[in-house]
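A quick write-up on the structure given underneath.
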Amino acid sequence: MMRIPDSLLLGSATAATQIEGGDRNTNWYAWSLAGGVTGGESSLPGADHYRLFREDVDLMASLGHQCYRMSVEWSRVEPQPGQWSSEAIAHYREEISLIRSHGIVPLVTLHHFSCPQWFQDRGGWVSIDCVDTFLRFCRTVVEELGDLVSEWCTINEPNVFANDTYMDGRYPPGHCGDVGSYLRASRNMVLAHLGAYRIIHETRAQRGYSGQTRVGFAHHLAVFQLARTTPLALLSRWLINRLFHEIFFAGFVEGRLIPPLGIGRPAGTGPFCDYVGINYYSRHLITPTCNPTAMFGRIGVAPDVPDERLTDLGWEIFPSGLGDVVAATWQRYHLPIFITENGVADATDSKRARFIHDHLEHLLRAIDNGARVERYFHWSLLDNLEWNDGYAPRFGLVEVDYETMKRHVRPSARYYRDLCRTRTLLEVEDD
Ligand code: IFM
């Protein structure tokens with residue numbers, strides 16, 4: 001059985017809007033009221049974590065987690081432009097202190113798909129002053145929480161966010177095929193990351209906060225597969241890769257704007273990232289199209305993938321892809337890697353333990369081959385609001401009964417707990 005090196009901390013990840021509940025200031029509240037979530041569900045209940053956070057932190061500690069990725073909700077901390085909520089800040093201070101009291105290392109995300117409604121009303125990530133507005137929020141959060149948090153994630157999955165907001169219409173304000181906004185928002189998020197990187201380092205240094213400051217972002221990396229390697233298919237994959245992966249690697253990690261985002265180095269010389277965060281879920285089959293509003297390719301699943309290798313959302317389970325994206329990212333940058341997300345929608349919990357085992361197996365092989373991977377955050381600690389897909393997809397190690405908000409530890413969470421405790425990739429007992 002493979003050993004899990006001590007340098008790799010194992011834990012779980014969540015995001016505020018998906019679990020906290022009770023926030024009417026987030027843009028997801030209005031979006032859900034307007035029917036943006038499947039079945040007319042509301043963002044309001046979440047998993048009631050804002051109220052139950054003490055219980056949830058105890059739960060993650062009892063499950064042996066060594067690190068925890070969470071986000072702070074911008075709309076709670078800054079309910080009106082430039083007005084800061086002392087209640088929200090005190091809440092997050094209490095939650096993070098509790099996490100640390102269990103010896104769990106927190107990683108805090110500053111932007112995870114949601115924003116205050118007022119920010120969206122002003123144009124969101126395509127507005128003229130969005131970067132400065134976001135940086136004002138970042139500065140306040142780091143001033144208020146920076147003594148408790150040394151590891152930060154500026155922006156979660158800028159590629160998925162820009163795609164689902166401006167190309168696919170799934171996230172508020174729901175534009176479809178708006179290539180101009182996709183590019184403008186992506187460019188603004190690059191600039192926001194570069195500014196936040198500097199602010200977080202400067203603020204923590206000026207205030208003498210302890211712990212090594214580490215700032216990165218969470219990049220969603222997909223494996224793209226072609227049915228046939230025709231010249232058109234190869235071109236299509238190149239274009240999708242450029243628009244979905246490369247412009248963000250260049251911007252966030254290298255501090256470079258590359259076409260079609262722009263040209264140049266807006267923030268001088270680096271570094272611009274202390275680690276690269278990878279969110280990995282699946283492999284996608286690309287069918288070429290000449291349509292720029294579909295990024296020149298339609299994404300799907302190969303027809304020969306059997307049911308047992310599909311998640312409840314119909315995504316292919318493809319564990320070797322994690323090893324491949326980690327190896328490629330390590331080769332390219334030689335920066336520490338955090339697996340900021342990896343998980344499966346699996347309501348019956350029949351696939352999750354095997355999913356964890358197989359992905360970790362490929363991750364450990366990549367580590368054996370030299371990649372420096374320091375965190376693995378399983379997505380997710382709890383069942384949660386899967387954005388426009390509502391509450392039906394179940395990503396949690398811990399099941400949430402949405403009628404009672406009671407938590408039930410799934411068998412896979414116990415399996416994962418045993419990995420955390422034994423530091424060994426234990427075999428899965430299949431039924
Ligand atoms: O739930 C999301 C998360 O918010 C971002 N990454 C992918 C997850 C599963 O779709």
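Here are the criteria: (1) in contact (Cβ under 8 Å) with a residue 60 or more places away in the chain; (2) more than 14 Å from the ligand (Cβ to nearest atom); (3) not aliphatic (A, V, I, L, M). Tell me which single one residue 380 does not satisfy.
The number of the failed condition is (2).
Restricting the search to the stretch 1-41, which residues are touching a His at 6+ places or on another chain (Cβ under 9 Å) and either part of a helix (DSSP H, G or I) or within 16 Å of the ligand (Cβ to nearest atom) (or both)?
The answer is 11, 12, 13, 14, 15, 16, 17, 18, 19, 20, 21.
Keeping to the stretch 167-195, report how many residues are assigned to a loop (DSSP other than H, G, I, E, B) and not basic (Lys, Arg).
Adding up the residues that qualify gives 9.
For every residue, the table says whether it meets (1) under 20 Å from the mean Cα position of the chain (by Cα); (2) at positive phi; (3) surrounded by 14 or more Cβ atoms within 10 Å (Cβ to Cβ).
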residue	(1), (2), (3)
251	yes, no, yes
263	no, no, no
277	yes, no, yes
297	no, no, yes
313	yes, no, yes
316	yes, no, yes
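Could you list, ordered by first residue, the pairs with Cβ atoms under 6 Å in which the first is in the stretch 222-238 and under 30 Å from residue 341 (Cβ atoms) and surrounded by 14 or more Cβ atoms within 10 Å (Cβ to Cβ) and the second is modelled with pLDDT of 95 or more and among the charged types (D, E, K, R), at least 6 apart or interchain?
223/283; 225/283
Counting just the residues of the stretch 280-334 that are in contact (Cβ under 8 Å) with a residue 40 or more places away in the chain and of a type in the set (Phe, Trp, Tyr), which one comes out nearest to residue 240 (Cα to Cα)?
Checking each candidate, the answer is 296.
Hey, can you tell me all the residues within the stretch 204-221 that are surrounded by 19 or more Cβ atoms within 10 Å (Cβ to Cβ) and part of a helix (DSSP H, G or I)?
Selection gives 204 alone.
Mind checking which residues of the stretch 336-348 are more than 16 Å from the ligand (Cβ to nearest atom) and surrounded by 17 or more Cβ atoms within 10 Å (Cβ to Cβ)?
If the condition is that a residue be more than 16 Å from the ligand (Cβ to nearest atom) and surrounded by 17 or more Cβ atoms within 10 Å (Cβ to Cβ), then 336, 337 are the ones that fit.
The values are calculated or read from the model by the stated rules, or taken from the named source; none is laboratory data. Here the structure is a predicted model, which is why all the values come from computation and not from measurement. Cβ coordinates were reconstructed from backbone atoms using ideal geometry, including for glycine residues, and neighbour counts include every protein chain displayed.
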